[in-house]
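All remarks here apply to the structure that follows.
The values are calculated or read from the model by the stated rules, or taken from the named source; none is laboratory data. Please read all numbers here as calculations on a predicted model, not as lab measurements. Quick reminder, even Gly has a Cβ in these numbers, built from the backbone with ideal geometry, and neighbours come from all protein chains shown. Calculation scope for accessible area: heavy atoms of the full protein, side chains included, ligands and nucleic acids excluded. Shrake-Rupley method; radii C 1.70, N 1.55, O 1.52, S 1.80 Å.
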Amino acid sequence: MMISVYIKFIWMIVFTFLIFFIVRSVHSETMNDLIWEKGIYYKKNTNIPFSGEINGNIKGKIQDGKKEGTWVRYYSNGQIFSVSNYKTGRKNGAWITYNNKGHLIEKGLYKNDLEEGHWIRLFENGEISYKGMFKNGKKSGSWIAFYYNGQLKYQGNYTNGTKDGYWEYFSPSGYLFEDYSGYFKNNKKVSSKI
């Protein structure tokens, strides 16, 4: 009889520990459980930088208080809102956003928190809103934008983030805005002549 009570006691301890560890492993933090201060995430009411998985409508990983790896954010209907990438808290890699129906809205890359390479933004109807290049976070090279109806809105060239060269601006019906179009240097219009 004493052995039976002892075995039951051991099983209760084992069962209690199993439940504790199962509940603890299922539990995960959400962004609402954290605070952000001076570029570092902390669990509320602590002064130790948080490390762990984040779940809920925003999913990702935080290491030593900084976002790390791929992060996915969701609309309330379950559709993906955005997919982004981080390295030691800085935006690095693909950056993609979607509308609440799952259609692509914007796509580009970040390198060390700055836009880099080709970027494109689409309207809800799937048509291009704008597209162009970034270099070290500044617009570079040819940029083009359209109205929702597909009509060309503007096109021109950027050098180191400033308008440079010939730019054309159009009305939604395709009329050339001569007052706005022309040659630009360092973001300033210097000539209207074609």
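Here are the numbers:
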{"item": "Unmet criterion (only one of (1) open to solvent by 70 Å² or more (accessible area, probe 1.4 Å); (2) of a type in the set (A, V, I, L, M); (3) out of contact with any Gly (no Cβ under 7 Å at 6 or more places or on another chain)) for Leu109", "result": "(3)"}
{"item": "Residue satisfying all of: in segment 143-193; in contact with a strand residue (DSSP E or B) (Cβ under 7 Å, 6 or more places away or on another chain) and of a type in the set (Asp, Glu); nearest to Arg121 (Cα to Cα) among these", "result": "Glu168"}
{"item": "From Ser173, Ser192, residue being open to solvent by 40 Å² or more (accessible area, probe 1.4 Å), at pLDDT 95 or above and more than 32 Å from the chain's Cα centre (by Cα)", "result": "Ser173"}
{"item": "Which numbered condition Gln155 fails, given (1) modelled with pLDDT of 95 or more; (2) farther than 13 Å from Ile144 by Cβ", "result": "(2)"}
{"item": "Selection count where residues are outside any strand (DSSP E or B) and in contact (Cβ under 8 Å) with a residue 24 or more places away in the chain, scope segment 66-87", "result": "1"}
{"item": "Subset of segment 89-148 [in a loop (DSSP other than H, G, I, E, B) and among the hydrophobic types (A, V, I, L, M, F, W, C)]", "result": "Phe123"}
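So that you can scan it fast, the table gives a plain yes or no per residue for (1) closer than 30 Å to Tyr175 by Cα; (2) surrounded by 15 or more Cβ atoms within 10 Å (Cβ to Cβ):
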residue: Arg90; (1), (2): no, yes
residue: Gly93; (1), (2): no, yes
residue: Gly117; (1), (2): no, no
residue: Gln151; (1), (2): yes, no
